[in-house]
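All remarks here apply to the structure that follows.
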Amino acid sequence: MSSGADPTRGPADGGWTRRRFVGALTGVAAAATVAAPAAPGPSAAPSGAVPPTAGPSESASEPPVGGSEPRPLFLGTYASVQGGGKGIGLATYDPESGRVTGTGAVVTGVGDPSYLAPHPSGGTLYAVDEREAGAVTAVRLADDKVLGTRSTGGASPCHLSVHPGGRWLLSANYGSGSVAVHPIDASGALGERTALVTHSSPAPGPGQQGPHAHQFITSPDGGHVLAVDLGTDTVYTYRLDESRGTLTAVSQAHTRPGAGPRHLTFHPGGLFAYLANEVDNTVAVCAYDPATGRLTPGDPQPTGTGAGTSYPAQILVTSNGSYAYLANRGHNSLTRYAVEAAGARLRLLDTVPVGGDFPRQIAFSPDERLLFAANQRSGTVSVFHVDGDSGELRFAGEPFASPVAVCAVPL
């Protein structure tokens with residue numbers, strides 16, 4: 001593992017893997033603006049279902065206050081580390097106050113559900129099993145029933161997303177540097193894998209032993225799917241055949257060597273995207289061409305966390321395209337950017353403490369009035385009120401305790 005790499009990761013063959021590392025640690029104003037390059041013009045039935053089991057409460061906080069109906073919150077964790085969870089945690093949150101309440105229930109049957117993603121219909125939740133023999137699992141939300149598990153064909157999957165059409169699940173295998181596609185049937189269950197592509201070119205970046213696929217998402221136009229690979233300093237664009245579930249390589253976008261790209265999010269206008277670079281502690285505005293799927297990264301810019309790396313993780317942008325937020329794990333903060341020039345520019349506004357240790361993942365509530373941050377080392381989920389006009393973040397109360405909280409998905 002390179003000295004600049006994310007400390008939660010390492011060689012799979014005996015080094016400090018991300019699971020071992022987290023297990024050992026459990027318990028423990030406006031600036032420069034940088035514009036993007038000019039945007040181009042438009043130019044089969046699963047088996048092995050395991051019923052959910054109820055376990056000890058993930059946390060016991062006070063009941064929600066106010067008159068709003070509680071909403072579901074799903075919690076991802078590592079189950080194979082000391083102090084980890086027992087599966088996918090089930091909680092609720094009050095959409096007005098942001099207060100989280102544990103339900104005492106856990107969906108078992110997924111070894112290390114470190115990342116979760118809902119189906120667009122809201123009826124099914126998908127989870128990775130971040131182990132050497134990687135897998136993805138479907139959970140029916142009506143009764144929290146596990147519908148089955150399928151192999152990803154790779155090691156340590158760390159991200160997944162559902163294609164907007166709802167028929168395909170996309171997953172990224174961090175350990176083996178590959179991406180996979182699985183079909184989704186009418187019930188929400190997964191079929192056998194239809195595609196698996198390993199990132200064999202270019203060669204790994206400085207200090208990396210191989211490719212490390214970290215994210216696999218669909219472009220806003222729906223015509224392309226993009227895979228972010230930390231190990232090769234590359235974002236790969238593919239075309240997904242929506243009838244067969246196969247992938248065709250389209251283009252590659254290269255960051256500067258050693259940047260370690262981790263997470264990409266698109267501006268709602270569809271012509272720009274924002275890339276969080278984990279290793280060199282930067283973000284970049286990228287131009288995107290919907291006609292060709294080509295992504296063009298702009299110059300790297302600061303995260304507002306000072307010298308050294310703060311291991312940037314997930315980056316989000318509001319649906320109105322006004323603000324972007326970045327989770328900084330080493331700095332234990334969230335950076336707020338103003339989005340300007342129709343998405344072509346980010347202007348750093350401030351950073352705020354996250355109220356926890358090592359914010360691994362962030363997510364908006366459906367109405368974007370709340371932002372949830374899953375803090376891996378402190379085992380907590382912080383909740384913020386989001387000001388719709390200024391984009392400012394304000395704590396919604398004390399963080400919610402959840403074992404090795406690596407993902408929080410509010411519905």
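The values are calculated or read from the model by the stated rules, or taken from the named source; none is laboratory data. Bear in mind the structure is a predicted one, so any value in this text is a computation, not a measurement. Positions of Cβ are generated from backbone atoms using ideal geometry, with glycine treated the same way; all protein chains shown enter the neighbour counts. Ligands, DNA and RNA are excluded from the accessible area calculation, which covers all protein heavy atoms including side chains. Shrake-Rupley method; radii C 1.70, N 1.55, O 1.52, S 1.80 Å.
Seen from A155, the other residues with C-beta closer than 10 Å to its C-beta sum to a net charge of -1, counting Lys and Arg as +1 and Asp and Glu as -1.
Take the Cβ-Cβ distance between Q209 and R167 as r, set R0 to 30 Å, and report the resulting FRET efficiency rounded to the nearest 0.05. All intermediate terms of the calculation are to be shown ahead of the outcome.
On the way: r = 35 Å, r/R0 = 1.17.
So the FRET efficiency works out to roughly 0.30.
Checking the a/c ratio against 1.5 first, then a/b against b/c, what shape does the Cα gyration tensor give for the stretch 250-325? Oblate. At an R0 of 22 angstrom, the distance between the Cβ atoms of S243 and S151 translates into a FRET efficiency of 0.45.
Once fully extended, how much extra length lies between A142 and D367, figured as 0.36 nm per residue of separation less the alpha-carbon to alpha-carbon distance?
78.8 nm
In the context of the full set of protein chains, residues of the stretch 253-295 present 25 Å² of accessible surface per residue (probe radius 1.4 Å, heavy atoms only).
What shape does the stretch 90-187 have by the C-alpha gyration tensor, where a ≥ b ≥ c are the square roots of the eigenvalues, rounded means a/c under 1.5, and otherwise prolate means a/b greater than b/c and oblate the rest? Prolate is the answer for the stretch 90-187, as a/c is 1.5 or above and a/b outweighs b/c.
Each label was represented as a point 7 Å from its Cα along the Cα-to-Cβ direction; for A307 and A291 these points are 4.7 nm apart. Spatially, the stretch 292-359 and the stretch 203-232 are offset by 18 Å when compared through their Cα centroids. Short-range pairs are left out: with C-alpha atoms under 8 Å and at least six residues apart, the relative contact order of the stretch 300-385 is 21 percent.
Highest mean packing comes first when the peptides 385-397, 111-123 are listed by Cβ atoms within 10 Å, giving 111-123, 385-397. If you sort the three axes of the alpha carbon gyration tensor as a ≥ b ≥ c, you get a/c of 1.5 or more for the stretch 372-411 and a/b above b/c, which makes it prolate.
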